[in-house]
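Asker: Provided herewith is a single structure, encoded as structure tokens, for subsequent inquiry.
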Amino acid sequence: MRLILLGPPGSGKGTQAQRLVDKHGIVHLSTGDMLRAAAAAGTPVGRKAKAIMDRGELVPDDVMIEIISERLDRPDTAKGFILDGFPRTVAQAEALDELLEERGTTIDAIIEITVDEKVLHDRIEGRAKETGGTRGDDRSTATRLEVYRRQTAPVADYYRREGTLVQVDGMGSVEEVAALIDAHLRALVEA
Ligand code: ADP
């Protein structure tokens, strides 16, 4: 199974991705995790990415496309994968279409987890308070949400136009959201 999971910061996307990975034995392709690993390893790309991530901005498309292209060529993706955090811009979505076409493969489902703006704000504020977030964190959170609205929300529209997008209400508990996703994937398999 090959999936794309879309959703704003605070939507619980990472949690749902990990659950699907465990349930279906597919690999988790989280660009956020890949960039954090590169930053921790201190590679040139990682060092540049860290500064961008700390500000809540996006790493350039060409860098991300290169990273995903290489990752898709690793043999473990043959058992299926879930893309989490990619594509994050329409340019990345277009590049992904090409990468998949070159490899003669397709995506089975694109799932967008939707969360009410106000709830998102409260969740992220709550999280910042719990971790004693600094002003800097608050600012990068605001930037992250703004970047999502401006650059990543259009990715959902891109797939909606192709008719391949499914929206799942992310307002419930982790279990409730998981049940909605599972119901959709079951319907897909039975179709
Ligand atoms: P979030 O905390 O918003 O769920 P992630 O863990 O997915 O974010 O990613 C953390 C950061 O890594 C992003 O804010 C961004 O700076 C960078 N990043 C991750 N994926 C991409 C991508 N596809 N394109 C550009 N930047 C990305």
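Asker: Return the residues of region 161-178 that are farther than 17 Å from Ile4 by Cα and assigned to a helix (DSSP H, G or I); say none if nothing qualifies.
Answerer: Of everything in region 161-178, those that are farther than 17 Å from Ile4 by Cα and assigned to a helix (DSSP H, G or I) turn out to be Val174, Glu175, Glu176.
Asker: What is the one condition in (1) away from the ligand (no atom under 12 Å from the Cβ); (2) in contact (Cβ under 8 Å) with a residue 40 or more places away in the chain; (3) assigned to a loop (DSSP other than H, G, I, E, B) that Gly104 does not satisfy?
Answerer: Here Gly104 meets the rest and fails (2).
Asker: Which condition from (1) more than 7 Å from the ligand (Cβ to nearest atom); (2) outside any helix (DSSP H, G or I); (3) surrounded by 18 or more Cβ atoms within 10 Å (Cβ to Cβ); (4) not small (Gly, Ala, Ser) is the one that His28 breaks?
Answerer: (3)
Asker: Of the conditions (1) under 15 Å from the mean Cα position of the chain (by Cα); (2) under 22 Å from Glu146 (Cα atoms); (3) near the ligand (Cβ under 8 Å from one of its atoms); (4) among the β-branched types (Val, Ile, Thr), Ile52 clears all except one; give me its number.
Answerer: (1)
Asker: Right, here's the next one. Does Leu58 meet the test of being modelled with pLDDT of 95 or more, assigned to a loop (DSSP other than H, G, I, E, B) and either within 10 Å of the ligand (Cβ to nearest atom) or of a type outside the set (Ser, Thr, Tyr) (or both)?
Answerer: yes
Asker: If you go through region 72-79 one residue at a time, do you hit one that is farther than 21 Å from Arg161 by Cα, within 14 Å of the ligand (Cβ to nearest atom) and open to solvent by less than 90 Å² (accessible area, probe 1.4 Å)?
Answerer: So far as region 72-79 goes, yes, one or more of its residues are farther than 21 Å from Arg161 by Cα, within 14 Å of the ligand (Cβ to nearest atom) and open to solvent by less than 90 Å² (accessible area, probe 1.4 Å).
Asker: Just to be sure I understand, how many residues within region 83-92 are part of a helix (DSSP H, G or I) and either β-branched (Val, Ile, Thr) or more than 10 Å from the ligand (Cβ to nearest atom) (or both)?
Answerer: 1
Asker: Of all residues in region 38-61, how many are open to solvent by less than 50 Å² (accessible area, probe 1.4 Å) and in contact (Cβ under 8 Å) with a residue 40 or more places away in the chain?
Answerer: 2
Asker: What's the number of the only condition in (1) within 22 Å of Ser140 (Cβ to Cβ); (2) open to solvent by 20 Å² or more (accessible area, probe 1.4 Å) that Glu66 fails to meet?
Answerer: (1)
Asker: Does Arg186 qualify as being in a helix (DSSP H, G or I) and more than 14 Å from the chain's Cα centre (by Cα)?
Answerer: Yes: the conditions hold for Arg186.
Asker: Note down all Cβ pairs under 7 Å where the first residue falls in region 164-191 and is β-branched (Val, Ile, Thr), the second is open to solvent by 70 Å² or more (accessible area, probe 1.4 Å) and in a helix (DSSP H, G or I), and they're at least six residues apart or on different chains.
Answerer: Sorted first by the residue in region 164-191, then by its partner, the pairs are Val168/Leu180; Val174/Thr15.
Asker: Now a separate question. Under 7 Å between Cβ atoms, which residue pairs at least 6 apart in sequence (or on different chains) link something in region 6-29 that is without any contact (Cβ under 8 Å) to a residue 60 or more places away in the chain with a partner that is assigned to a strand (DSSP E or B) and among the hydrophobic types (A, V, I, L, M, F, W, C)?
Answerer: Ile26/Phe81; Ile26/Ile82; Val27/Phe81; His28/Ile82; Leu29/Phe81; Leu29/Ile82; Leu29/Leu83
Asker: Let me ask something additional. From the list Ala78, Ala38, which one is in a helix (DSSP H, G or I) and within 18 Å of the chain's Cα centre (by Cα)?
Answerer: Ala38
The values are calculated or read from the model by the stated rules, or taken from the named source; none is laboratory data. The shown structure was predicted, so the numbers you read here are calculated from the model rather than taken from an experiment. Every residue, glycine among them, receives a Cβ derived from its backbone with ideal geometry; neighbour counts consider all protein chains shown. Please note that ligands, DNA and RNA were not included when accessible areas were found on the heavy atoms of the full protein model with its side chains. Shrake-Rupley method; radii C 1.70, N 1.55, O 1.52, S 1.80 Å.
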